[in-house]
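> Next up is a structure, given as structure tokens.
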Amino acid sequence: MLTPSLPMIAVIADAHFHDTQADFGFAGIEIEGQRMTMRSWSDTRESTRVFNESADVLHAALEEVVRRGVRHVVLLGDYTDDGQRATTETLQGILLKHNETYGTAFYALPGNHDIFGPCGRHHTKNFLVDNGKCVSVSSDARRAGKKIVLSDRMYCEGYPAGLGPMASFGYFRRPEYVHWETPFARSDAVEDRLYDVTSPDGRNTYRLMDASYLVEPEPGLWLLMIDANVFEPLDGDFERGEEAAFIDSTSGGWNALLRSKAFIIDWIADVSRRAEKLGKTLLAFSHYPALDPFDGATDAEATLFGETNVVRRTPRKAVADALLSAGLAVHFSGHLHVEGVTRQSGGNRTLTNIAVPSLVAFPPAFKVVQPSLQEIRVDTVEMGALAVNDRLCLGYIHEAGFCQDPPDPAFAAKNYGGFLRGHKRSLVRHRYFAKEWASDIVAAVSDRSISDIVAQLSAGEGYEATGVATPDALPMVELITDWYCLRQGACLALRHIESERLGLYRMLAKHFGREPKAHDGSLPSFLGIFFGALGVFLDRAEGGSPHLTVPIPVVGENMTSASNGSFIQKLRPSRVTQPDVGNATRC
């Protein structure tokens, strides 16, 4: 039975908040009398997330948090569009107002889009202006020119300055917390949260800040907030702290953490031991997945497309081994905009990674967690039924008219979920086909119907007559779109795909599907592996549920713990201060 005294927690991942009212030094686009700072559809259809819709869906998610009586919200990284100063400050105001109005407490973690290295990085983005034209806005003065608007408000800060606007949301100690600590000690001072990292050639050494923390917001509940945003120095000569001097954290995550921040694993082991001893329910969070959130379903992707973004970001087995040894049981992740639950066992322990979808990619959802000492219940709150913002669609239509393109079908979607499915269809043509698929395969399938493909495969060697009835007019690109939707959405995708299509996809997977073994480059080989993956995605979707109960294991005395007493006790005592991170020294 659940313990009612432990509070519920909402987990929102990858909100990617973009402020459509931000001032970046240009007028924006006027739509029905309202000025908007609106990103272009031409950029949106090449991105794995949408931009302008983020504000509406974040507000709707926070309203749902209030309606459900949830008092604590974890922001699981990538809470901003790209860490822009203006965007982060606006988000700060939204969260502070929500806290003042409803008493909601927020606990943030940095994602790869929120903060960069010790000194930050420049951004250049395209925005719409009147008549559907685009203007580029950049924080980089080196790009000054007639077609570039310069704005330092576009700049993304580094550690610790980038934490300044979010300082009230868990990163630093607050008097209402029952307990708060870092991997280093109980001090929240920036200078007490530094670690050394060196390039492979030994020439570039930095003292970087780690923003991890453990917080007990109410008695009995420990939230272990892990900063797996790792910046590894590169070999060579660089200006001190410049962006080019570091490996971007996007594909690193836990794999990079094992290399550069191994002290975090020791801390996790000590926290896990103490949580068991003190009877605390321990939930761990980081932006990056600790286990493969696709549960091995991306083997086909690696075979067909090579090292895609998803393949590069998959954690290695060593990560699971380290966390199992440390005694971690439950971990929530974002980053890949995927719905999924993955378990890994070792010895007498089990680690469960719960992947939380994004608010701005298909399928849009967040999680509500009800914990107890014995188990946690996780419910998925889907946001696909939200209304589409007509003003934004009008802006996209203006852009399409200026570019002499037909309006994308997504603009006429009946709800937000339909809009994001339409966005996924555009992603297939403008991102996946362009960046990941072989050009000859694209030419062979992109403008053909499923029935044409089935007829071609059926006429080949090794196949018997299928008996599969296919709609003559259903384009292959629709199946490919649903392939990606099922990959990302698992069980949440099923309600968005027509039942007749699902039945057809199952038959195609059964008849034509092949294991993801060596791909010889031919169309039949490609489609065999592709349809085989479709079957795996369907199995994963049909075996999943938007509601989940995870038992909290009782760990025996053989659990790994820090030697010679508490990990925290071994560290030097430090003073407790509230640093002025907003005015931190810049590199």
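What follows draws every value from the coordinates through simple rules; no lab data is involved. None of these values were measured; they are calculated from a predicted model. Here the Cβ is made from the backbone with ideal geometry for all residues, glycine too, and neighbour counts use every protein chain on show.
> Arrange the following residues from fewest to most other Cβ atoms within 10 Å of their Cβ: Glu30, Glu239, Glu53.
Fewest-to-most ranking of Glu30, Glu239, Glu53: Glu239, Glu30, Glu53.
> Can you list the lysines whose alpha carbon sits under 24 Å from that of Lys146, skipping same-chain ones fewer than 8 residues off?
Excluding near neighbours in sequence, the set is Lys125, Lys133.
> Next up: Taking 0.36 nm per residue of sequence separation and subtracting the Cα-Cα distance, how much length would be gained by fully extending the chain between Glu218 and Thr205, in nm to one decimal?
0.7 nm
> Contour minus end-to-end for Phe238 and Ala387, with contour as 0.36 nm per residue of separation and end-to-end as the Cα-Cα distance?
48.8 nm
> Considering only the other residues whose Cβ falls under 15 Å of the Cβ of Phe169, what net charge follows from Lys and Arg at +1 and Asp and Glu at -1?
Within the 15 Å Cβ shell, the charges total -3.
> Hey, another quick one. Anything over 32 Å Cα to Cα? Flag those among Lys147/Lys435; Lys317/Lys367; Lys97/Lys277, in the order listed.
Violating the 32 Å Cα-Cα cut-off are Lys97/Lys277.
> If you don't mind, another one. Run the quick spin-label model on Gln21 and Arg71: label points 7 Å from Cα toward the beta carbon, then report their separation in nm to one decimal.
Those two pseudo-labels are separated by 3.0 nm.
> Helix by helix through the chain, keep the DSSP H runs that span 24 Å or more along the axis on Cα and average at least -0.5 on Kyte-Doolittle, and give those back in order.
523-542
> Now a separate question. If you split all Cα-Cα distances of the chain into 10 Å bins from zero, what percentages do you get per bin, shortest first?
Answer for the chain: a P(r) of 3, 17, 27, 26, 18, 8, 2, 0 percent.
> By the scheme Lys and Arg +1, Asp and Glu -1, what is the net charge of all other residues having a beta-carbon under 13 Å from that of Val319?
Net of charged neighbours comes to +3.
> Can you give the net charge of the other residues whose Cβ lies under 14 Å from the Cβ of Thr80, counting K and R as +1 and D and E as -1?
Here the count lands on -2.
> Restricting to segment 1-133, compute how many DSSP beta bridges are antiparallel as a %, nearest 5.
Among the beta bridges of segment 1-133, antiparallel pairing accounts for roughly 30 percent.
> Any idea how far the Cα center of segment 179-207 sits from the one of segment 249-320, in Å?
Taking the Cα centre of segment 249-320 as reference, the centre of segment 179-207 is 20 Å away.
> Pick out, in residue order, every one of the trypsin sites (Lys or Arg not before Pro) in segment 189-237 that is DSSP loop and has at most 15 other C-beta atoms within 10 Å; say none if there are none.
Arg203
> Roughly how far apart, in whole Å, are the Cα centres of segment 104-164 and segment 519-554?
Between the Cα centres of segment 104-164 and segment 519-554 lies a distance of 37 Å.
> Could you list Asp520, Asp188 in order of exposure, starting from the residue whose Cβ has the fewest other Cβ atoms within 10 Å?
Asp520, Asp188
> Sticking with this one: FRET efficiency for Glu64 and Gln34, Cβ-Cβ distance as r, R0 = 25 Å, nearest 0.05?
About 0.50, to the nearest 0.05.
> Name the residues whose placed amide hydrogens come within less than 5 Å of the amide hydrogen of His113, ignoring near sequence neighbours (fewer than 5 apart) on the same chain.
Asp78
> Based on other C-beta atoms within 10 Å, arrange Ile376, Ile148, Ile115 from fewest to most.
So the residues, fewest neighbours to most, are Ile148, Ile376, Ile115.
> I'd like to know which of Ser449, Cys485, Tyr505 lies farthest towards the positive end of the charge dipole of segment 437-542, counting +1 on Cβ of Lys and Arg and -1 on Cβ of Asp and Glu.
Farthest towards the positive pole: Cys485.
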